[in-house]
Amino acid sequence: MAKRSTPQVDPGRVLVTIIVPVKDRVELTRQCFRGIRETVTGISYELIMVDNGSTDGTAEFARELGNDIRYIYNEHGVNFSASNNQAAAVARGEYLVFLNNDTLPQPGWLSAMLETHQRHPDVGSVGAKLLYPETDTIQHAGVLIRNYPNPVSPYHVYHHFAQDAPAVNTEREYPCVTAACMLIRKELFDQLEGFDEGFIFGYEDVDLCLRILERRLKNIYTPRAVVYHYESQSPGRHRYGAANIERLQKKWEGKLEGLLSRTGETLDHHDVSIIMLTYNALTYTKYTVRSLIHHTQCPYEVIFVDNGSTDGTKAYLQRLVAEHPNFRLIDNATNLGFSAGNNQGIRAARGQYVLLLNNDVLVGDGWLENLVAALEHDTRIGMVGPVTNYVSGRQRLKKVPYQGDQEFYGFAQKVRNANRGKLTPRRRIAGFAMLMRKALYDELGGLDERFGSGNYEDDDLCLRVRGMGYAIMVDEGTFIHHFGSRTFVENKVDYAASLRKNKHIFRVKWPKINLDWLLEKHEPLSKELERRSKSALELIDQGDVESGSIQCEEILNENPLMMEAVYGLGRVAQLAGETREARNHYERALSLNRDWAPAQQSLAVIDLAEGLLNSAQDRLVVILEKNPRDLDARRLLGQVLIEQERFEDGIGTLMGILRDEPDDWSTHFVLATLYAEIDEAEQVTHHLEAVLAANPSHTQARALLQQLGSNQ
């Protein structure tokens with residue numbers, strides 16, 4: 001644990017003033033202040049708490065801190081902007097840090113923000129990487145602005161991405177950063193006259209950042225400053241959302257194009273291009289579009305490709321395009337078919353990602369940002385899809401309890417909450433909702449247009465994605481309702497005939513592919529990979545490192561998130577003496593499951609070897625908190641304590657193992673080697689004999705015992 005620093009509140013130079021507005025939730029405030037004190041070292045700072053009429057013990061906590069903080073109490077409370085302005089007016093620091101009380105700073109956060117500011121002469125503010133504590137995914141990694149659904153619509157980019165995704169680990173300029181954790185020079189803040197107090201718990205940070213841009217200064221995001229954010233814990237903070245949006249529009253509508261151009265951004269920025277084919281079936285298209293508009297937060301455009309509709313669909317789409325700046329229409333006089341229509345739409349796409357989406361679906365909150373986050377979880381993932389109620393293959397949930405639209409949305413949210421971030425490898429996914437990077441789609445040449453109106457073109461594309469060495473994943477937390485084959489039904493297309501025709505085309509193209517294997521009918525790919533991972537680790541432990549390593553690499557081609565295979569590569573590197581590479585693999589495995597004991601323990605072994613004793617101890621404590629009877633972790637902790645010269649604690653820990661497990665030969669051997677270092681021959685003999693009694697083939701113990709006998 002880092003040494004606690006004492007905030008500088010005496011007269012003299014203070015480098016940083018940390019301002020924390022609070023309103024009740026004293027348990028979060030305690031956690032935040034503890035985090036500050038344990039993670040800030042070597043920087044002179046003061047803490048100002050602005051209490052807006054708390055009634056839960058916050059004032060008593062402030063009294064406990066005494067001279068460690070400066071305390072401002074507002075009996076009737078003021079808003080976020082006014083609280084920060086009030087504290088900034090009396091701040092002694094050269095820099096100000098605005099920090100929410102529902103945050104938990106991580107080691108090095110403040111020094112990283114300061115260093116970033118001092119390295120850029122034209123910087124105005126610096127923002128941090130904020131993580132959701134439950135999932136270790138991104139809450140904030142910069143803020144962009146788009147022109148829909150409102151003319152000025154800020155949004156958090158890379159929301160819910162994995163914290164180690166490459167996109168969120170690059171320092172870069174953004175139009176805005178959040179004031180949940182923001183650093184700015186006090187002189188500049190004063191010149192800007194602080195936060196606009198007309199904003200009430202929302203968008204005051206966006207407004208401040210835009211005024212910084214007006215001064216031709218930059219807002220910089222640094223991924224090296226990491227802070228957990230419990231987000232929106234202050235009561236009543238969302239009541240003023242509509243008023244804040246209205247104020248933001250009035251201040252900035254019509255003024256942003258020039259400002260954003262300095263950051264390399266535009267208002268019509270689209271992360272995802274959604275390609276939606278239509279051929280009649282107007283009723284279902286309306287269902288889909290309405291759902292899409294109301295439940296999509298991720299920046300997107302929709303490219304409608306109409307294949308000659310005659311039921312009013314064209315007129316409906318034309319009205320949509322006129323009303324929505326992120327909607328476009330390609331109007332075909334005849335039906336080009338599913339593959340050709342999608343290829344046509346993607347050629348017009350401007351997004352980094354492309355999503356093929358049927359016009360007979362319903363989507364729930366967070367659906368698109370979750371799919372994008374899943375795709376970006378690893379660069380080796382080439383394609384992502386959701387789970388659903390109606391589709392061939394293992395994406396289908398066989399029993400869904402909802403009836404009707406409204407029940408669907410509640411069910412989709414339950415699925416999202418239960419399976420957030422859970423990705424499952426598949427050999428193929430269905431084309432009703434299929435997300436890829438546009439660059440990969442283009443490289444593959446798109447859908448094979450020989451498949452015409454539909455069926456098997458998605459299977460073909462999946463095989464080509466796998467052939468390029470990319471994995472296909474299903475996001476188990478994203479559930480999309482699929483009405484199913486509505487275009488075929490509404491247009492009275494002979495579905496069975498289409499299926500037979502395209503199945504023949506597929507078999508000619510892929511004669512060696514077993515369709516049951518592709519659809520994972522007999523065994524899920526995930527189960528197969530679990531078996532192969534176990535086998536790979538056994539090979540490595542048995543000394544066949546080359547075969548085990550090859551098997552781990554093959555597994556990761558099909559599931560880059562298979563932590564056992566990542567761990568296996570770490571074992572291979574460690575056995576080869578490549579400690580840095582081993583650490584990288586173990587930390588990657590741990591990022592996939594932070595509670596996974598084998599990765600924590602392997603990192604503790606490396607920490608011990610490199611003399612990082614406190615780090616090793618912390619890792620082992622985490623393991624033992626989950627499983628107090630983990631013998632390997634207890635044994636290693638005993639060794640760490642001894643290396644820390646806490647001999648009684650270390651020996652006591654090891655002897656405690658023997659009280660529970662008298663025949664644990666590994667602990668006996670550790671104790672034998674320890675006693676050998678201090679020439680306690682009787683103890684050495686006792687423990688070596690215990691080793692051989694439990695494990696007669698232990699050659700090291702036998703050799704040491706023989707050496708001990710010859711020396712006596």
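Results, tabulated for the structure shown:
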| item | result |
| --- | --- |
| Interchain or long-range residues, amide H under 5 Å from residue 123's placed H | 218 |
| Rounded percent of accessible protein surface that carbon and sulfur make up, the chain, 1.4 Å probe | 48 |
| For the chain: rounded, prolate or oblate by the Cα gyration tensor [a/c cutoff 1.5] | oblate |
| Amide H partners (placed H, <5 Å) of residue 225, local residues excluded | 129 |
| Among 439, 343, 161 the positive-end extreme of the charge dipole of the chain (Cβ point charges) | 343 |
| Among 412, 652, 638 the positive-end extreme of the charge dipole of the chain (Cβ point charges) | 412 |
| Label-point gap, in nm, between residue 496 and residue 659 - each point 7 angstrom along Cα→Cβ | 7.5 |
| Amide H partners (placed H, <5 Å) of residue 300, local residues excluded | 271, 272 |
| Distance between modelled label sites at residue 122 and residue 164, nm, 7 Å Cα→Cβ extension | 3.6 |
| Length released on extending from residue 643 to residue 318, taking residue separation times 0.36 nm less the Cα-Cα span | 109.6 nm |
| Violating pairs (Cα-Cα greater than 20 angstrom) within the set 399/521; 438/527; 129/218 | 438/527 |
| Extension gain (nm, one decimal) between residue 286 and residue 682, 0.36 nm per residue minus Cα-Cα | 134.1 nm |
| Whether segment 81-131 is rounded, prolate or oblate, judged on the alpha carbon gyration tensor where a/c under 1.5 counts as rounded | oblate |
| Mean residue ellipticity (222 nm) of the chain, computed from DSSP H runs ≥ 4 via -39,500 (n - 2.57), nearest 500 | -14500 deg cm²/dmol |
| Cα centre as origin, Lys/Arg/Asp/Glu Cβ charges: the chain dipole, Debye | 2560 |
| Sequence ranges 669-675, 700-706, 657-663, 286-292, ranked by mean other-Cβ count within 10 angstrom, highest first | 669-675, 286-292, 700-706, 657-663 |
| Distance in nm between pseudo-label sites at residue 193 and residue 75 (7 Å out along the Cβ direction from Cα) | 3.0 |
| For segment 627-698: accessible area per residue (Å², 1.4 Å) | 54 |
| Probe 1.4 Å, accessible area per residue of segment 541-611, Å² | 46 |
| Residues of segment 257-366: accessible area per residue with a 1.4 Å probe, Å² | 36 |
| Protection proxy ranking, peptides 239-245, 193-199, average beta carbon neighbours within 10 Å, highest first | 193-199, 239-245 |
| Relative contact order of the chain, pairs being alpha-carbon contacts under 8 Å that are 6 or more residues apart, as % | 8 |
| Computed FRET value (nearest 0.05) for residue 30 with residue 94, which takes r as the C-beta separation and R₀ as 30 Å | 0.60 |
| Computed accessible area, residue 500, all protein chains, 1.4 angstrom probe, square angstrom | 150 |
| Label zone at residue 708, where the point sits 7 Å out along the Cα-to-Cβ direction: segment 632-673 residues whose backbone N lies under 13 Å | 668-673 |
| Loop-located GluC sites (Glu not before Pro) in segment 632-705, at most 11 other Cβ atoms within 10 Å (DSSP) | 645 |
| 14 Å beta-carbon shell around residue 594, net charge (K/R +1, D/E -1) | -4 |
| In order through segment 120-136: 3J(HN,Hα) via Karplus (6.51 cos²θ - 1.76 cosθ + 1.60), integer Hz, x for Gly, Pro | 10, x, 10, 8, x, 9, 10, x, 10, 7, 9, 10, 6, x, 6, 10, 6 |
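The values are calculated or read from the model by the stated rules, or taken from the named source; none is laboratory data. Worth saying up front: this structure is predicted, and the values here are computed from it rather than measured. Methodologically, a virtual Cβ is constructed for each residue, glycine included, from the backbone with ideal geometry; neighbour enumeration extends over all protein chains shown. The area values use the complete protein model at the heavy-atom level, side chains included, leaving out ligands, DNA and RNA. Shrake-Rupley method; radii C 1.70, N 1.55, O 1.52, S 1.80 Å.
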